[in-house]
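Step one of this worksheet: look at the structure below.
The values are calculated or read from the model by the stated rules, or taken from the named source; none is laboratory data. Predicted model, so just to flag it, every value in this text is computed and none were measured. Ideal geometry is used to build each Cβ from the backbone, glycine not excepted, and the neighbour counts take in all protein chains shown.
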Amino acid sequence: MTSEKNSASEAACRLRMENEMTIYHAVELKQTLLAALEKPHSLEIDLSAVTEIDSAGIQLLISAKESAKLQRKDMHLVGHSAAVIEAFELLKLVGYFGDPLIIPSPLQSGTGRFSSN
Amino acid sequence: MSFDHALQTFIVESRELLEEMESALLGVDPAQVEPDTVNAIFRAAHTIKGSAGLFGLDHIVAFTHVVEGVLDAVRNGTVKLDANLIALLLSCRDHIEALMNAVAAGQVDEDPAMAEQGAPLLNLLQAYFSAPKPSAGTQMVTGAEDVQSVERIESGSASGDNWHISLRFGSDVLRNGMDPMSFLRYLGTLGTIVDILTLHGAIPATEEIDPEACYLGFEIAFKSSANKAAIESVFEFVRDDCRIRIVAPHSHISEYIRLIQESPDGHARLGEILVNAGTITANELASALQSQSNETPSQPLGAILIAQGAALPPVVEAALAKQNQVREAKNSESRSIRVDAEKLDYLINLVGELIITTASANLIARRAKNTALQDCTSTLSALVEDVRDSALQLRMVKIGATFNRFQRVVHDVSRELGKDIGLATSGEDTELDKTVVEKITDPLTHLVRNAMDHGIEPLDVRTARGKPAKGTIRLNAYHDSGTIVIEVGDDGGGLKRDKILAKGIERGLVEPGRHLSDDEIHNLIFEPGFSTAEQVTNLSGRGVGMDVVKRNITALRGSVGVRSVEGAGTTVTVRLPLTLAIINGFLVEVGKSMYVVPVDMIEECVEFSTESGHDYANLRGQVLPFIRLRALFDVEGEPTRRQNIVVVKHAGQRIGLVVDTLLGEFQTVIKPLNKMFNQVKCISGSTILGSGHVALILDVPALAQQTSEAAPTP
């Protein structure tokens, strides 16, 4: 479901979420996020391969964000997939996470960038 | 918990709703349409649409939406609910059911063939929209608005007429297979979500979070022309699991203040959202907040709810009553369980074997002359009897559900025939074996259709005869000496005795000049090959005659008869055994053969006495025809000195059976006879005795028929 890369140079733990972030995988997701949070690095979560996200997935992301805040660590979300963007827009969470959203374009990524809030 | 599970719940609930919709539609009297009934129909369609939306079944949503639109117009009085519309809505209901069945069978996406079936219905429904009625125009715009739906306007116009919805989901929502986000998406189809605040204060740190529990809450500013009930119904499926507060546009400012107070988190943000979305103005909020802080409000939640407005208490009560109702329904549901019919059959079989074994244990105990053992086995027998009764009881169902199905049959056929016919049922609580119920539906349908087609006269004939214009079909059920009796009656023209007799003679079924009773003549309609007589001619192309009905019922060890008064109506009476597996039998002996007579049919046993040569006896001054079993079954040997008569009763007729010895009551497990013996008359089955001997079960209805055939005509 997830793959983890730990590039020591940036002192950030990169986490790549794949496929579904839904209730069916909520337990595994929690474990993955928890493991990542235990590391002394700030956290970067790549959401580009998330095909589906539901309330359970959103909740876990919020929970991780709050936990990171408590530990005075940064948590960033990058590469939001279309499914994630749709969910964030529906729940108006773009501002909460505060990460720049990149609307994927079929030609080249990186255009149509906007940050909300 | 899983999506599939939730889908199953949805399908089951939708079927119930469709049933409600059907009975509501059938209950409508076009002359005087009750608003409650229309509301019930509307609610059913609306809830199905809403739930289908949650599951992404867009084709069902699309179809139901149009139905709902028409129903809404009916509710508003712009479209009249007449017989044609009722019929159309019934067809639509059927179509929704078909769609639902497809979903149940795993076809989640639209099937083009299905869509084709739905298209003509949609066209007919559209005709109601385009009905050139001045007031219909505005009505339909609302309908159309619903369709374009999902479009969201980022910064809502500050028009001030936003709904405010406060939502707190219960922790089990996700586990129950619901996703709060899908409710919001569906809400978006009713209007515009102007602003939304996702409350995450309740979400624990990652370490403590239960990933499958729901912690979310939302404050929503919502712009829509829908009414409160419609908005509420969006959350119908989670109503028990979640706290919903819906504040109407232009509500008193104090309501918003309360909302803010009750909100455990994000006071400031909530105020912001209200102001931002233009629900209230910043000034109003500030002044209200100030005045609020001067007072010390410590009202209990209930008082707050009631204080919200004069109109609310009944609303709250209604909501509570509805909730209780749902809960009660759920409770009664959980008290019953579904069991595979096969398992039940297996159990009944085992009980059957148990009875046979107990009987043989009894016999051995008696032979061994061991008193303690005999005591024990007799207790055992009593217990086994109880087990048998409760096992059979498991399969008993009330006939009411079957009767209800005929409401629809009567409605449809009466439209088909262009006759005004109603259905009256009684005895719905009568119980009978499930296997019998399943097999009786087809013959009953045939009888009902027949009664409507041929029984009820055309309107002009009825009025000429001074009958009410509306014909009536009656279905009645009751228990009678170990059988269940189902009557299908009509108040139509009755059977034409002379025509039937003439046809019978023409067909060679009756010898010319033979004197027949009215009943005998009426029963001719059950003869094979009689279906061309005038009374029974056009069976509406179903190609089934009354003889098939009779054959089906006889196959169930039942019998069928007809009573008719010319000009006043016909009643067909179907008699069926209560169960097909085990009966209380009475064992009798003739020579060395043993026979079982169902106890429920036995009236009494008397000593045999007769003037020799006659086949009838004098029973307390009444003539009792009897049958000598010895002669009937060709049993060898001389009769014993003291013979007995077992008096049995069937369908109001008493007959005597002459036997040698009475052996007493006996639990009889019915074993069907081999196909080879299909042609054997007067025997309906066999059973195995404790001793291992085989006893034959007498077919009393057949015996009764024999005596009436052989009855001496005085």
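Looking at segment B:330-353, which of the residues that are among the hydrophobic types (A, V, I, L, M, F, W, C) and at pLDDT below 80 is surrounded by the fewest Cβ atoms within 10 Å (Cβ to Cβ)? It comes out as B:Ile337. Do you know which of the residues in segment B:393-420 that are of a type in the set (A, V, I, L, M) and buried (at least 20 other Cβ atoms within 10 Å of the Cβ) is farthest from B:Gly455 (Cα to Cα)? Applying the filter and picking the extreme gives B:Ile399.
When segment B:194-205 is filtered for residues that are facing chain A (nearest Cβ under 8 Å), of a type in the set (A, V, I, L, M, F, W, C) and either surrounded by 20 or more Cβ atoms within 10 Å (Cβ to Cβ) or touching a Pro at 6+ places or on another chain (Cβ under 6 Å) (or both), the ones remaining, listed by number, are B:Ile196, B:Leu197, B:Ile203.
Applying the set (1) over 12 Å from the mean Cα position of the chain (by Cα); (2) within 20 Å of B:Ile209 (Cβ to Cβ) to A:His41 leaves exactly one unmet item: (2). Return the only residue of B:Gly69, B:Gly27 being in contact with a helix residue (DSSP H, G or I) (Cβ under 7 Å, 6 or more places away or on another chain) and surrounded by fewer than 16 Cβ atoms within 10 Å (Cβ to Cβ). Going through B:Gly69, B:Gly27 in turn, the sole match is B:Gly27. Scanning segment B:216-234 for residues that are part of a loop (DSSP other than H, G, I, E, B) and surrounded by fewer than 23 Cβ atoms within 10 Å (Cβ to Cβ) yields B:Ser224, B:Ser225, B:Ala226, B:Asn227.
Mind listing whichever residues of segment B:37-79 are of a type in the set (Phe, Trp, Tyr) and assigned to a loop (DSSP other than H, G, I, E, B)?
B:Phe55
Which one is nearest to A:Leu101 (Cα to Cα) among residues in segment A:36-73 that are out of contact with any Leu (no Cβ under 9 Å at 6 or more places or on another chain) and within 12 Å of chain B (Cβ to nearest Cβ)? Please lay out each step first, then the result.
Here is the first cut: in segment A:36-73, the residues out of contact with any Leu (no Cβ under 9 Å at 6 or more places or on another chain) are A:38-42, A:48-52, A:66, A:69-70, A:72.
After this cut, where a residue has to be within 12 Å of chain B (Cβ to nearest Cβ) as well, the list is A:38, A:52, A:66, A:69-70.
On the way: A:Glu38: 26, A:Glu52: 17, A:Glu66: 20, A:Lys69: 20, A:Leu70: 24 Å.
Here the answer is A:Glu52.
The residues of segment B:417-443 that are closer than 19 Å to B:Ile473 by Cα and without any contact (Cβ under 8 Å) to a residue 24 or more places away in the chain amount to a single one, B:Gly418. Evaluation of A:Pro100 against the conditions (1) surrounded by 16 or more Cβ atoms within 10 Å (Cβ to Cβ); (2) more than 10 Å from chain B (Cβ to nearest Cβ); (3) in contact with a strand residue (DSSP E or B) (Cβ under 7 Å, 6 or more places away or on another chain) shows that the sole unmet condition is (1). Looking at segment A:74-91, which of its residues are part of a helix (DSSP H, G or I) and of a type in the set (A, V, I, L, M, F, W, C)? Once the filter is applied, which keeps residues that are part of a helix (DSSP H, G or I) and of a type in the set (A, V, I, L, M, F, W, C), segment A:74-91 yields A:Ala82, A:Ala83, A:Val84, A:Ile85, A:Ala87, A:Phe88, A:Leu90, A:Leu91. Scanning segment B:436-471 for residues that are over 21 Å from B:Leu495 (Cβ atoms) and part of a helix (DSSP H, G or I) returns B:Val436, B:Val437, B:Glu438, B:Lys439, B:Ile440, B:Thr441, B:Asp442, B:Thr463.
When B:His5 is tested against (1) within 14 Å of another protein chain (Cβ to nearest Cβ); (2) within 23 Å of the chain's Cα centre (by Cα), only condition (2) is not met. Hey, can you tell me all the residues within segment B:80-113 that are assigned to a loop (DSSP other than H, G, I, E, B), surrounded by fewer than 22 Cβ atoms within 10 Å (Cβ to Cβ) and not acidic (Asp, Glu)? Listed by number, the residues that qualify are B:Lys80, B:Ala105, B:Gly106, B:Gln107, B:Val108.
Kindly indicate the residue of segment A:2-24 that is among the hydrophobic types (A, V, I, L, M, F, W, C) and surrounded by 13 or more Cβ atoms within 10 Å (Cβ to Cβ) and also modelled with the lowest pLDDT among those meeting that condition.
Only one residue fits best here, namely A:Ala12.
Any residue that is charged (D, E, K, R) and in contact with a Pro (Cβ under 6 Å, 6 or more places away or on another chain) - is there at least one of those in segment B:74-82? Yes; the residues of segment B:74-82 include at least one that is charged (D, E, K, R) and in contact with a Pro (Cβ under 6 Å, 6 or more places away or on another chain). If you check B:Glu219 against the conditions, is it more than 10 Å from chain A (Cβ to nearest Cβ), touching a residue at least 12 places away in the same chain (Cβ under 8 Å) and closer than 12 Å to A:Leu91 by Cβ? In short, yes.
Scanning segment B:81-106 for residues that are polar (S, T, N, Q) and out of contact with any helix residue (DSSP H, G or I) (no Cβ under 8 Å at 6 or more places or on another chain) yields a count of 2. Of all residues in segment A:49-73, those that are part of a helix (DSSP H, G or I), farther than 12 Å from A:Thr22 by Cβ and of a type in the set (Gly, Ala, Ser) total 4. Just one of the listed residues (B:Leu587, B:Leu624, B:Leu657) is assigned to a strand (DSSP E or B), touching a residue at least 60 places away in the same chain (Cβ under 8 Å), assigned by TED's automatic domain parsing to the domain that holds B:Ser686 and in contact with a Gly (Cβ under 8 Å, 6 or more places away or on another chain), and it is B:Leu587. Just one of the listed residues (B:Ser426, B:Ser390) is over 21 Å from the mean Cα position of the chain (by Cα) and polar (S, T, N, Q), and it is B:Ser390.
Please find, within segment A:25-35, the residue that is surrounded by the most Cβ atoms within 10 Å (Cβ to Cβ) out of those that are at the interface with chain B (Cβ under 8 Å from one of its Cβ atoms) and either touching a Ser or Thr at 6+ places or on another chain (Cβ under 9 Å) or among the aromatic types (Phe, Trp, Tyr) (or both).
Start the filter on segment A:25-35 by keeping residues that are at the interface with chain B (Cβ under 8 Å from one of its Cβ atoms), which leaves A:26-27, A:29-30, A:33-34.
Of the ones still in play, those that are also either touching a Ser or Thr at 6+ places or on another chain (Cβ under 9 Å) or among the aromatic types (Phe, Trp, Tyr) (or both) are A:29-30, A:33-34.
Numbers: A:Leu29: 25, A:Lys30: 21, A:Leu33: 27, A:Leu34: 18.
If we take residues in segment A:25-35 being at the interface with chain B (Cβ under 8 Å from one of its Cβ atoms) and either touching a Ser or Thr at 6+ places or on another chain (Cβ under 9 Å) or among the aromatic types (Phe, Trp, Tyr) (or both), then A:Leu33 is surrounded by the most Cβ atoms within 10 Å (Cβ to Cβ).
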